[in-house]
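Read the figures in this text as sums done on the coordinates, not as results from a lab. Small disclaimer: the values here were computed from a predicted structure and weren't measured. Cβ coordinates were reconstructed from backbone atoms using ideal geometry, including for glycine residues, and neighbour counts include every protein chain displayed.
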Amino acid sequence: MKKLFLNFIDDSKVKNFVDIALQKVDPKFWTAPSSFSGKYHPQENNGEGGLARHTHKVLVIAAHLCKIFRINDWRRDCILAAAILHDTYKCGDVWGGYTDVRHAWIAFQRYKFMEADISYQKRDLICQCIRFHMAEWSDPLNERELAKRPTTEERIIQIADYLSSRKDLSFYSGIKSGEEK
């Protein structure tokens, strides 16, 4: 799945940034469900590999939204990088068995200071999109207030994440969690 994700990105510096970031991600990112309670995501996002499938959906939706908003310059690859990395710390700095409500902030901090050969402008856009991807559900509270006034790029990630977690929108209709028969 990592190769599939990276194939969406054209800019070599942005692609390298994402590759380095994904090498640092806890391996459980690739096997975890997107929702541990099952309340907030469709069945296809629950169960083993659900978080990776959710991430793929965010990536595809973000790519389409970039087309709609006519973003086809360097910002497109940064938006797609943020789509890939937005939930990589979903279960905290040290991977736990639940969603850490501060995961956007944690990822923002990790990637803002990660060693990588990328311009400040590109890194900043990637990190800001990750930081505010939770929109009005951002935590802590001061982040929530900032996330309510997103840039177009940040809004694209917010919309893509929101749509990819709707129970009534399915990309993989044949996939069900282990709980459903």
Review point. Suppose R0 equals 30 Å; then what is the FRET efficiency for residue 7 and residue 149 from their Cβ-Cβ distance, rounded to the nearest 0.05?
Key: 0.35
Point to revise | Pairs of lysine residues in region 6-151 - Cα separation under 14 Å, sequence separation of 8 or more or cross-chain | key: 6
Check your understanding: For the chain, what does -39500 (n - 2.57) per DSSP helix run (n ≥ 4), summed and divided by total residues, give at 222 nm, in deg cm²/dmol to the nearest 500?
Key -> -15500 deg cm²/dmol
Review point. So between residue 23 and residue 142, what do we pick up on full extension, going 0.36 nm a residue minus the alpha carbon distance?
Key: 39.8 nm
Check your understanding: Tell me, what is the percent relative contact order of the chain, built from C-alpha pairs under 8 Å that lie six or more residues apart?
Key -> 27 percent
Revision key, fill the gap. Checking rank on 139-148, 25-34, with mean other Cβ inside 10 Å and highest first, the result is 25-34, 139-148
Review point. Please state the Cα pair-distance histogram of the chain with 5 angstrom bins from zero: what percent is in each bin?
Key: 1, 9, 18, 23, 22, 16, 7, 2, 0, 0
Exercise for review: Post the alpha-carbon centroid distance, region 1-45 to region 67-102, in whole angstrom.
Suggested key: 8 Å
